[in-house]
Every structure is written in C-alpha cells, then in structure tokens.
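Novice: Have a look at this one.
The values are calculated or read from the model by the stated rules, or taken from the named source; none is laboratory data. From a predicted model like this one, the values you see are computed outputs, not experimental measurements. With ideal geometry, Cβ positions are generated from the backbone for all residues, glycine too; neighbour counts draw on all protein chains shown. Accessible surface is based on the protein model in full, side chains and every heavy atom, while ligands, DNA and RNA are left aside. Shrake-Rupley method; radii C 1.70, N 1.55, O 1.52, S 1.80 Å.
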Amino acid sequence: MKKLEISIKDLLIGCPPIKIVTEEDMEEFGEIVDAHRDISYGQVEVDDEGKLTSLAIDLESITENNDVSLDEYEELSIEDIKEMGEDFVNEFGAKGLQLTSFSDWGSDIFLLVFEAMDVQYQIPLPDSGVTLEMNRHGFILSATITQSYYQLKYPEVKITAEEALEIYKKRQLIEMGAIQQDEEMRLMYFPISHNEGISVDGEFLELDQFSMDTPSVLKDITEVSDAYTEDQLLGVHEGLVQTEEEGLTTYKNPENDAIEISINRSDNTEIVVDSSLPFNDEVELNVEELQQRAIAFLQLQVGEVVNNYKVEAFFEEDDEEEEIDDDLTPEEIEMLKALSEADDEEDEEEDEDEYQFEPFVSFVFHRQINGIPIREYNAHVDIGIYSGTVRDSLIPLLDEKYIEEMVVKPTISIEEADEMYKNSIKMELTRVPHEEEEFIVYELCYVVKPTSEPVHIERIDAQNGNVFYLDDLSYVEAEEEDLEEE
C-alpha cells in the first residue's frame, strides 16, 4: 500500500500527508486518512494483485481541513482535462485504452470513459477500462478501473448494419401506455424494451445475459383471497401499542418504545409501509402463499385489483448443489465441506448480536386503466418469507378524476407511431460483454442506436404526435468553446 499511498497523495489537492488504513480481514478496502489526524479524505479498493480498482476522493474534506483552496488553481481547457485523465489511465489502467466518451455533468464536473478497443473493427469494449470523474481544475473525484481479463470472439459477419435494421424492424417496437402530464392523464406510445440485438449472422440475439434491463413478464390477477385482515398481514398483535397522528399509524414495542410497524397515509398520493417486527425462521412459506398475501394487502389498500393491476411474474432460481471438481480426492472434498461448514458457523456467531432483517420476496403490481399501463403508479409489496407479513411497501394512489377525464381513444395510430420510432433508430456493430467463469467474453452483434445522437425517443403523444426525447449523458460530447465562454 505504500506505493499506492505515494501515488494517491500526488492526486490530492495540496498533496496533504496521507496513509491508507485497512481492516485485517478486508485488506482490499482502504480508507484514505490524514497521516497525523483522524480525518478521512476518501476510499480505495484494490484487487487480489494489489492493483487499484476503485477510488473516491472527498475534495471538500481536504480543502476544509488543510490550508488549500480551489481558487488557487486555474480552470483547465477540455484538452488539458483529457490529458490529465490520460495520465491517470496510463498509471493505473491497462495499456492501450482510448478515450471514448467525455461528458459534461454540470457544476464543473466531467465524466471521462476510457475503454479498450477491438482493433479489427475499431469499436470499444464496454466496461473494459477506466471511468473518471474530474472537476474543471483537473482533480480526480472518483475512478473505477477494470483490471479483469477478457476474450474477443470473431464470428463471420454475414450481414450489414442496414440488413440488421430491416430484420429488427419486422416487428412492432412500441406499445401504448399513459402518463400523468399537466394535471391530466395522457395516452403515450413508449419504445418496447426488447433487450435484443441482431447477431452478425442475422438472428435475433437475446441480451438478457448481458444486461439487467429485461422486459417484465406480467400475469393477470384472477382472484383475491379474503382470508386475511390488514392486522394479520402487518403482523399486528396485542403486545404492540398503536398511535395515530396525521395519517401516520405506528405500532410500538412498549418495552423499548421502538416503532416496529408504520403505515404512512399522510400523503394522499401514496401509502408507505415499513416493518421491523421480529420473526421466527423455522418455517419458510412458498412463493404462491406470499403472492396471495401481497395481492390481499394491495386490495385492502386500494380496492379492486383484479381489473386494475397485473402482477410481475416471479422466477425462482433452481436450487443447485455446488459443483465438485472431478479431480479432487475424497479427502479433499471432505476438507472443503468442513471448511464451508466452519465458515457458516462463524457467520452465524457474528450475526448473533446484530439485528436480523427478514428475507423477503418483492412483488411488483403494474397499474392499468382499461388495459393501458400507467408505469408511474406501479405498486411494490415485500412479504417476509417466514412471517408472511408486509415488511415494506410503496403503493402510489391514482386520483379518480384522472381516470374519469382520461381520453382513451388515440388520434395517432400505433402503426404511425411505430413508423416514427423506427425512423429514429439505426443498428451499430457493437461488442457486448458476457461474463464467464474466469473472464469476460465480448460477443459481436448489432444493437439499436438513435440516428440523431445524443437524443433517444422516450415517448410519443398519442393525441398530437409530439415526440419527447430522453438525453443520454453517455453520448454528450462537451464542446470546447462552451466551457471557455462560461
């Protein structure tokens, strides 16, 4: 860490004397502290080889506790900031990284992304390099550094980007929804998050394995159990003391006056539930039972749910036994099992004095009006897997007047809106990361990009055809003259 301390000191404004303090059992995480005072200046993280992977610098703490100020330093041009970023990358990052994005985040903060390149196709490898946050004076505020190994696949490219786009456009790419805007509920068309690309041989390619942005699978709610009361679903019992104050209901433990359940209805736009009730972990309820309870609780709060909500499908992971290396001897296998059991016992001992939060399953309910989804009114209900009680919940409430006044017949057809959206996109040859056991493999495929960067269509008004755009900072290139004029 001594060498790293010297390098990081040179990055700090005023170069104050520092040391990096780590915990004995967590040496990969370190706190940057003043060498002579108990003052924190940031955090670092290193990998198994001692290479820097993460850095966060508290600039305000440094200036407040040392005789130094940003006013003493000149504001730099974009080119100078880029050059200083490159110096950092050359010292801490992998070789051959190139600057692929420079974004102005406002408030004199800039985001620089350096990535490795596919030399053959001259396209960047996402998440393969260094992401820097810097201020206008050239000081590093944070850094994320990828130090992992990767592999590139080079399948034969059989189609062009234009051909890939025609394949992608063969299906409908938008869907109808509604959004609250200017004190009314308006019909809108939204792009569908297919999370698919086109492979270089012309097939649809599921990107689920590469991205967490996957479309939700929704199921109808066919029935609601009437076997539960609100008190049962919240876990209310006679030993708790109930209080009411301006729409906030709380249930306290009389022994320590701690709030164990709270239901906040003080705002007529939402219901918020929070629970920290003790629980018994002897019996675990199945997902079907948990979902029934979540649906019952939602109905008790908002009334009719069968026609007004769909539930997001919950997928359980299959329980798989840990794979045992075939090359291990029976003695080695037994030793590994014993070590694993010892680790579990140690974890249990460490947790004995800490408050235990009950594991839960989150259920998401999608609000609809006449089958039209209203995304901003989706409800969330978390049910404890042992107690079967509501541990946390947020239920937005839709004003009935918006439902009554909503125009449900669009002026712009879905075909027209679909064509508008399709005219705004193109396909680009891209490298997409796929994590395997020991390293990341970058697949080669075509993915959707906007034709006019940096703007993406967010939605299209179904009544007048107005288009709303969503700026994506990753595409915003700061202009040299814009900075110098400020």
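Novice: Once ligands and nucleic acids are excluded and a 1.4 Å probe is used, how much of Glu60 is accessible, expressed in Å² to the nearest 10?
Specialist: We get 120 Å² for Glu60.
Novice: A further question on this structure: Over the chain, what per residue volume does the convex hull of the Cα atoms give, in whole Å³?
Specialist: Cα-based convex hull of the chain, divided per residue, equals 243 Å³.
Novice: Sticking with this structure for a sec: Straight-line reach from Lys82: which lysines have Cα under 20 Å away, leaving out those fewer than 8 places along the same chain?
Specialist: Partners within reach: Lys95.
Novice: Taking amide H atoms as placed 1.01 Å from N in the peptide plane, list the residues 5 or more away in sequence, or in a different chain, whose amide H sits under 5 Å from that of Tyr121.
Specialist: none
Novice: Please work out how much accessible surface Phe360 shows to a 1.4 Å probe, ignoring ligands, DNA and RNA, in Å² rounded to 10.
Specialist: Its accessible surface works out to 110 Å², give or take rounding.
Novice: What part of the accessible area of the range 65-154, given as a whole %, is carbon or sulfur when the probe is 1.4 angstrom?
Specialist: With neighbouring chains kept in place, the figure for the range 65-154 is 45 percent.
Novice: Follow-up question, since we're still on this one. Using R₀ = 45 Å, calculate the FRET efficiency as 1/(1 + (r/R₀)^6) where r is the Cβ-Cβ separation of Val21 and Asn256; round to 0.05.
Specialist: Efficiency computed from Cβ-Cβ geometry: 0.85.
Novice: Continuing with this model, one more query. So, with +1 on the Cβ of K and R and -1 on the Cβ of D and E, and no other charges, what is the size of the charge dipole of the range 141-256 about its Cα centre, to the nearest 20 debye?
Specialist: The calculated dipole for the range 141-256 is roughly 760 debye.
Novice: Which of the lysines could a cross-linker span from Lys2 if the Cα-Cα distance has to be under 16 Å and same-chain partners fewer than 8 positions apart are dropped?
Specialist: Of all the lysines, those that pass the test against Lys2 - Cα under 16 Å, at least 8 places apart if same chain - are Lys19, Lys51.
Novice: Nearest 20 debye, what's the magnitude of the dipole of the chain about its Cα centre given +1 on Lys and Arg Cβ and -1 on Asp and Glu Cβ?
Specialist: 2860 debye
Novice: Of Gly202, Leu248, His237, which is farthest towards the positive pole of the chain's charge dipole, taken about the Cα centre with +1 and -1 on the beta-carbons of Lys, Arg and Asp, Glu respectively?
Specialist: Going by the charge dipole, the pick is Gly202.
Novice: Hey, another quick one. Lysines within cross-link reach of Lys310: Cα-Cα under 16 Å, excluding same-chain residues under 8 positions apart?
Specialist: Lys219
Novice: Roll a 1.4 Å probe over the protein heavy atoms and report the accessible area of Thr146 in Å², nearest 10.
Specialist: Surface accessible to solvent at Thr146 totals approximately 40 Å².
Novice: Could you list the GluC sites (Glu not before Pro) in the range 101-170 that lie in coil according to DSSP, counting only those with at most 16 other Cβ atoms within 10 Å of their Cβ?
Specialist: Glu156
Novice: Counting only the backbone N, which residues of the range 1-28 are under 18 Å from the spot 7 Å out from the Cα of Arg37 toward its beta-carbon?
Specialist: Once the point is set 7 Å along Cα→Cβ of Arg37, 9, 12-21 turn out to lie under 18 Å by backbone N, inside the range 1-28.
Novice: Something else: What is the distance in Å between the Cα centroid of the range 394-436 and that of the range 259-275?
Specialist: Going from one Cα centre to the other spans 31 Å.
Novice: Now for a separate question. Using the charge dipole of the chain (Lys, Arg: +1 at Cβ; Asp, Glu: -1 at Cβ; taken about the Cα centre), state which of Ser413, Leu141, Val432 has its Cα farthest towards the positive end.
Specialist: Result: Ser413.
Novice: Obtain the nm distance between the two label points defined at Lys422 and Val283 by a simple spin-label model: each point lies 7 Å from its Cα along the Cα-to-C-beta direction.
Specialist: Here the answer is 5.6 nm between the modelled labels.
Novice: I've got another one for you. Spelling out what I want: for every residue of the range 164-174, take phi, set θ = phi - 60°, compute 6.51 cos²θ - 1.76 cosθ + 1.60 (Karplus), and round to whole Hz; glycine and proline get x.
Specialist: 5, 5, 5, 5, 5, 7, 6, 10, 6, 10, 10
Novice: Check Glu175: other-chain or 5+ apart residues with amide H under 5 Å from its amide H, H built from backbone geometry?
Specialist: Residues meeting the criterion, in which the H sits 1.01 Å from N, are Phe190, Ile192.
Novice: Pull up all non-local amide H partners of Ser54: gap of 5 or more, or a different chain, and H-to-H distance under 5 Å with H placed in the peptide plane.
Specialist: Distant-sequence amide H within range of Ser54: Glu45, Ile145.
Novice: Right, next: Using the Karplus curve 6.51 cos²θ - 1.76 cosθ + 1.60 with θ = phi - 60°, what ³J(HN,Hα) values do you get for each residue of the range 101-113, in whole Hz, with x for Gly and Pro?
Specialist: 7, 9, 10, 8, 8, x, 6, 6, 10, 10, 10, 10, 10
Novice: Work out, in µm²/s and without decimals, the Stokes-Einstein translational diffusion coefficient of the range 74-179 at 25 °C, 0.890 mPa s, Rh from Kirkwood over C-alpha pairs.
Specialist: Rounded to a whole number, D works out at 148 µm²/s.
Novice: Using the Karplus curve 6.51 cos²θ - 1.76 cosθ + 1.60 with θ = phi - 60°, what ³J(HN,Hα) values do you get for each residue of the range 23-40, in whole Hz, with x for Gly and Pro?
Specialist: Rounded to whole hertz, the list is 7, 4, 9, 9, 6, 7, 10, x, 9, 7, 10, 4, 5, 10, 9, 7, 10, 8.
Novice: Estimate the FRET efficiency between Glu72 and Asn307 by the formula 1/(1 + (r/R0)^6), using the beta-carbon distance for r and 56 Å for R0, to the nearest 0.05.
Specialist: 0.30
Novice: Could you give the accessible area per residue of the chain, probe 1.4 Å, as a whole number in Å²?
Specialist: Roughly 59 Å² per residue, with all protein chains present.
Novice: Using helices alone, what [θ] at 222 nm do you get for the chain, with -39,500 (n - 2.57) per DSSP H run of 4 or more residues, divided over all residues and rounded to the nearest 500?
Specialist: Taking each H run of at least 4 residues, the total per residue is -6500 deg cm²/dmol.
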